[in-house]
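Trainee: One structure is given below, represented as structure tokens, and several questions about it will come after.
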Amino acid sequence: MAELLLELRSEEIPARMQAEACRNLATGLRQLLAEHGLPEPEIETFATPRRLALVARGLAAAQPSRTIERRGPRVGAPEAALDGFRRSLGAEEYEIGRRAEGKAEYWYATLHEPGRPTGELLAEGLPTLLARFPWPKSMRWGAGDVLWVRPLHAIVCLLDGAVVPFGFGPVESGNVTAGHRFLAPAPIEVRDFADYRAKLVAAKVILDPAERRRRIEEGARALGTTAGLRLRHDPALLDEVAGLVEWPVPLLGRIDPAFMDIPAEVLVLTMRQNQKYLALETDDGRLTDRFVVVANIEAPDGGAAIVAGNERVLRARFWDARHFWELDRRTALESLLPRLDRMVFHAELGSQGQRVQRLVALTGALVPYVPGADRVLAERAALLAKADLVSGMVGEFPELQGVMGGHYARAQGEPEPVANAIAEHYSPKGPDDWCPRAPESVALALADRVDVLVGFFARGIRPTGSKDPFALRRAALGLIRLVLDNRLRLPLRRVIDAAAQGHGVTPPTVDLLAFLGDRLKVHLRERGVRHDLVGAVFALGDDDLVRLLARVDALDRLMGTADGRNLLVGYRRASNIVGIEEKRDGRSYAASPEPRLLREPAERELHDRLNKAVPQIRAALAREDFDAAMRLLAGLRGPIDAFFDQILVNAMEPELRVNRLALLSGIRAALDQVADFSLIEEVAA
């Protein structure tokens, strides 16, 4: 089995493109090998800012030999048909013969094709793979006409140490790479992947992005520890910085104390977005005046000049931030509201000013469902929540919308609950984001999401497949988390109706509740909750998510027992029999059974137990004691099993048959009080 080493060395590959490029390179090689009947090897990919590399181990030395057969016309067909068949074979040296098939005999052409060496196939196929490579953006350079993400400098392609010769634009493959562009730019000949990797390390290039990330994080943490600080949690930034350097060298810098009165969020975002610096904080989470810059070289002066230069650049960035911070605070948030009337939220949903009016009304309507929320404060927060969208700071840093509004509200003397609600109402922004807890913040955050969902759904604008341009799935997930994390007893139908009134539209209740049900399944599946149980309970039409989840949890516990699993079998059997007979007879069997027709002990026992259990189940559900309801259901397992073991449902006497079908219908009705058991999947113990 052979080893393939492929390296594509270019000018800087954007960090955001590197991981996907690795996946696409591996996928392209797998497809190329599969097209030639070669088994899939073990593939590893690597990326640095200046190279994309792959090693494939376990390649077959050659493709397997194969026999190609093509059937021609029947023997005895006109000579012209046979001539046409021969011409269709082209120049290949097929053997022509005859073969019987049933009562007929046909001409057949057979070609024995020996397998070609893998190196030849790669030399032919790799240029096409590279020409079709799906970079998000690519470019031409020089006089060539090939496309690559950045100008390509060299290609290394070795199969068991031998060069696989091919060209891509002006570049020919070989066995020569180069190390770090500043620290070790000399040419390096390589034999195989182990030699390649070792020589790159010696030439100040760490090939594996995970290793570079680990070095950056460990180095930054060590610098922070030396200063008595800790590294601020930002895994996405660590990933990005690892894609910017080949030889990471973390260095400690300092923020000019004159800028530390700017909100921490502004400082962090400026460092993160513009300069890719890692922030350091105290043990209690307060931002400090130290940061980590990751250099790409080992400097003779230990990095002093690099740090000084980055501190100088950062001061210029912070001067811009200070300008917006001071300028924005000169204008009261409320005085910015008229400008929202000129800012379009969506062509069919009106302006941001109109949206603010809806948010004020909807937030007020939601306050009664949020324990502890003050209506006056919540509505005030709703009025000012979008004002910072027209501020200078948010214009420069859109990621700070809401956050800056909270700072400006606080600076202008608004009550703390109002400032907090403005700052927090965009959260949670995703499944891993924190969820607001303050009552006014929760009320406003709910209103923000409900307004968006109702507005778009009422106008037929919904996610399709993987497309969700208005982030409606995220809005639904945020709504679900706000309700569940705060255990709010929120009647969704009333809330949807209230939001629809603000939009002046017919409430999209059915479609929106179905959409929320799908999002709830996704959310709970991540917590290990079975999606079929969520669907079975949601099908009852309950729009209180807290109550619904409690019922799902109790149902999950029931279905984890032998009684629950056997009860499901009994339900399905009863439901199937009744369904079949109702369809055949064209009538319903939902009526109560006649006691006088209950002749056998097993059917009398089931009837008595159902009559006793049904009102008790109903009462348990009414007081939301779902575990008690499940215990009552479990108690029906024995009588149901006995009924099916001992009773012939389709008795010869019509009255008896009808009565027994009514009894089975009673089983279905009793269980359907708790959940739609027809939607529950059978799971092995």
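Trainee: Is it the case that residue 353 is modelled with pLDDT of 95 or more and on the phi > 0 side of the Ramachandran plot?
Mentor: In short, no.
Trainee: So in segment 575-628, with the set limited to residues that are of a type in the set (Lys, Arg) and under 16 Å from residue 670 (Cα atoms), which one is least open to solvent (accessible area, probe 1.4 Å)?
Mentor: 609
Trainee: Okay, next question. Counting just the residues of segment 522-535 that are open to solvent by 60 Å² or more (accessible area, probe 1.4 Å) and within 14 Å of the chain's Cα centre (by Cα), which one comes out modelled with the highest pLDDT?
Mentor: By that ranking, first place goes to 525.
Trainee: Moving on to the next point. Which residue out of 307, 266, 241 is more than 28 Å from residue 13 (Cβ to Cβ), in a helix (DSSP H, G or I) and open to solvent by less than 30 Å² (accessible area, probe 1.4 Å)?
Mentor: Exactly one of 307, 266, 241 is more than 28 Å from residue 13 (Cβ to Cβ), in a helix (DSSP H, G or I) and open to solvent by less than 30 Å² (accessible area, probe 1.4 Å), namely 266.
Trainee: Suppose we keep only residues that are among the β-branched types (Val, Ile, Thr) and surrounded by 16 or more Cβ atoms within 10 Å (Cβ to Cβ) within segment 649-685. Which one would you say is nearest to the chain's Cα centre (by Cα)?
Mentor: Among them, the one singled out is 680.
Trainee: Just wondering, is there one or more residues in segment 497-507 that are over 30 Å from residue 363 (Cα atoms) and hydroxyl-bearing (Ser, Thr, Tyr)?
Mentor: no
Trainee: Anything in segment 38-62 that is over 21 Å from residue 178 (Cβ atoms), in contact (Cβ under 8 Å) with a residue 60 or more places away in the chain and either in contact with a Gly (Cβ under 6 Å, 6 or more places away or on another chain) or not in a strand (DSSP E or B) (or both)? List them, or say none.
Mentor: 38, 61
Trainee: Report, ordered by the first and then the second residue, all pairs with beta carbons closer than 6 Å, sequence separation of six or more or different chains, a first member in segment 187-211 that is within 19 Å of residue 22 (Cα to Cα), and a second member that is open to solvent by 50 Å² or more (accessible area, probe 1.4 Å) and at pLDDT 95 or above.
Mentor: Between residues of segment 187-211 that are within 19 Å of residue 22 (Cα to Cα) and residues that are open to solvent by 50 Å² or more (accessible area, probe 1.4 Å) and at pLDDT 95 or above, the close pairs are 207/197.
Trainee: Within segment 300-331, which residues are of a type in the set (A, V, I, L, M) and without any contact (Cβ under 8 Å) to a residue 12 or more places away in the chain?
Mentor: 304, 305, 308, 316
Trainee: Still on this structure: Taking segment 275-289, which residues are surrounded by 18 or more Cβ atoms within 10 Å (Cβ to Cβ) and outside any loop (DSSP other than H, G, I, E, B)?
Mentor: Matches in segment 275-289: 278, 279, 280, 281, 287, 288.
Trainee: Could you list, in sequence order, the residues of segment 290-304 that are open to solvent by 40 Å² or more (accessible area, probe 1.4 Å) and more than 25 Å from residue 266 (Cβ to Cβ)?
Mentor: Matches in segment 290-304: 296, 297, 298, 300, 301, 302, 304.
Trainee: Still on this structure, I have one more. Go through (1) more than 30 Å from residue 507 (Cβ to Cβ); (2) in contact (Cβ under 8 Å) with a residue 24 or more places away in the chain for residue 374 and report which single condition fails.
Mentor: (1)
Trainee: Which residues, taken from segment 9-24, are open to solvent by 70 Å² or more (accessible area, probe 1.4 Å) and under 23 Å from the mean Cα position of the chain (by Cα)?
Mentor: 16, 20, 23
Trainee: Can you work out which of the residues in segment 44-102 that are within 30 Å of residue 118 (Cβ to Cβ) and β-branched (Val, Ile, Thr) is surrounded by the fewest Cβ atoms within 10 Å (Cβ to Cβ)?
Mentor: Filtering segment 44-102 for residues that are within 30 Å of residue 118 (Cβ to Cβ) and β-branched (Val, Ile, Thr), the one surrounded by the fewest Cβ atoms within 10 Å (Cβ to Cβ) comes out as 67.
The values are calculated or read from the model by the stated rules, or taken from the named source; none is laboratory data. Nothing here was measured: the structure is a model prediction, and the numbers come from that model. When we count neighbours, we look across all protein chains shown, and the Cβ atoms used for this are built from the backbone with ideal geometry, even at glycine. All accessible areas refer to the heavy atoms of the entire protein, side chains included, with ligands and DNA or RNA removed. Shrake-Rupley method; radii C 1.70, N 1.55, O 1.52, S 1.80 Å.
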